[in-house]
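Following: one structure in structure tokens, then a few remarks.
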Amino acid sequence: MQNEWRKIWSFIAVSGIGWIVDFGIYSCLIGLMKFSPIESNLISAAVAVIFVFFISVYKIFLNERKFIVGGLILYLIYQAGSIYGFSFLINLSSNYITSLKILPDNIVPILMKCFYTPFTLVTNYLFMRFLTVKVLGTKKAINTNTVL
């Protein structure tokens with residue numbers, strides 16, 4: 001059980017580092033380059049998910065087999081849908097809250113990115129566990145029945 005919690009916290013830490021990369025790129029694209037929230041999130045999240053995939057597969061979920069290209073392809077397909085879906089929600093929420101004129105326009109997309117982060121963390125963890133256990137055949141991954 002202690003080892004499982006270590007893996008959970010490791011996943012959160014790696015995802016946190018990925019989120020810092022994601023958030024840094026997102027903030028620069030929003031603030032400096034004046035990209036829309038949806039464009040910014042699509043670009044920034046794409047960079048971060050590749051980082052999280054490789055660290056998670058090899059260091060957290062301990063995939064002892066050689067890297068399987070199919071695993072990366074499935075992960076990228078999942079992430080394309082996830083990133084687009086959450087980007088759409090961030091953009092929609094940002095536009096709505098901006099229209100209410102209750103917060104400065106430039107901070108709303110940042111707040112919406114932060115708001116949706118916990119949801120992306122949970123969905124990414126669940127998919128990564130599925131991918132590493134069911135697809136890549138890792139036996140040492142975390143048992144989500146003890147977590148949820």
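The values are calculated or read from the model by the stated rules, or taken from the named source; none is laboratory data. Here the structure is a predicted model, which is why all the values come from computation and not from measurement. Please note: Cβ atoms are built from the backbone with ideal geometry, for glycine as well, and neighbour counts cover all protein chains shown.
Table for the structure above
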read-out: Near pairs, Cβ below 6 angstrom, 6+ apart or cross-chain, from region 4-19 (over 21 Å from Val47 (Cβ atoms) and among the hydroxyl-bearing types (Ser, Thr, Tyr)) to any residue that is at pLDDT 90 or above and in a helix (DSSP H, G or I); value: none
read-out: Given (1) among the aliphatic types (A, V, I, L, M); (2) without any contact (Cβ under 8 Å) to a residue 60 or more places away in the chain; (3) touching a helix residue (DSSP H, G or I) at 6+ places or on another chain (Cβ under 6 Å), index of the condition Val69 fails; value: (3)
read-out: Test for Ile30: is it buried (at least 16 other Cβ atoms within 10 Å of the Cβ), out of contact with any Pro (no Cβ under 9 Å at 6 or more places or on another chain), of a type in the set (Val, Ile, Thr) and at pLDDT 90 or above; value: no
